[in-house]
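What follows is a short report on a single structure.
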Amino acid sequence: AGDPKAAAAVFGRARQLAPDDYRSYYLRATAMGRSNPGPAERTEMIADLRQAVALNPRQARVRTALGQALISSDAPSAEAQLREALRIDPAEPSALYQLALLLRRQGKTAEAERLSRAFQAARAKSREDENELVWILKTPK
């Protein structure tokens, strides 16, 4: 399982070495999110995700992470990030799931249900792809 705080520190150093690489910001924020962050760490995590989006605005997964991080503190911004993630990649499972949850809380049940069905379909497709990859890897050459 590893040590998320140690991983966050490593990615923090990577940020210093490659300040224009979105991945170090994204990965540091991801590690921080797995270490039960307090308010100060959540603020840092969101800042890192915002920087990652600024460095690579076409990365749906990063926008999804930012949207998820913002849900409890800034629902309108969270919704905007999740919708942009889905504009970039309409089948991004985490964005489908997070936006469905957010919309359900807002009482937008019809759209939430549509997104929930899309999430289930994307998850099923992902499982099919994984099974096919396993089959390919197991096939003798």
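When region 22-45 is examined, which residues are found to be part of a loop (DSSP other than H, G, I, E, B) and either modelled with pLDDT of 95 or more or open to solvent by 60 Å² or more (accessible area, probe 1.4 Å) (or both)?
Residues satisfying the conditions are ARG34, ASN36.
Going by the structure shown, is GLN68 open to solvent by 70 Å² or more (accessible area, probe 1.4 Å), under 24 Å from LEU99 (Cβ atoms) and either modelled with pLDDT of 95 or more or among the hydroxyl-bearing types (Ser, Thr, Tyr) (or both)?
When the stated conditions are applied, GLN68 passes them.
Can you find a residue in region 5-19 that is in contact with a Phe, Trp or Tyr (Cβ under 9 Å, 6 or more places away or on another chain), aromatic (Phe, Trp, Tyr) and either touching a residue at least 60 places away in the same chain (Cβ under 8 Å) or closer than 18 Å to LEU82 by Cα (or both)?
no
Can you name every residue in region 1-11 that is more than 16 Å from ARG61 (Cβ to Cβ) and buried (at least 17 other Cβ atoms within 10 Å of the Cβ)?
ALA7, ALA8
Take the residues in region 73-87 that are of a type outside the set (D, E, K, R) and closer than 16 Å to ARG105 by Cα, then tell me which one is surrounded by the most Cβ atoms within 10 Å (Cβ to Cβ).
This residue is LEU82.
Go through region 46-81 and report how many residues are within 17 Å of GLU92 (Cα to Cα), of a type in the set (D, E, K, R) and outside any loop (DSSP other than H, G, I, E, B).
Adding up the residues that qualify gives 3.
The values are calculated or read from the model by the stated rules, or taken from the named source; none is laboratory data. These numbers were taken from a predicted model, which means no experiment stands behind them. Cβ sites come from the backbone with ideal geometry, for glycine too, and all protein chains shown count toward neighbours. Surface accessibility is based on the protein's heavy atoms, side chains included, excluding ligands, DNA and RNA. Shrake-Rupley method; radii C 1.70, N 1.55, O 1.52, S 1.80 Å.
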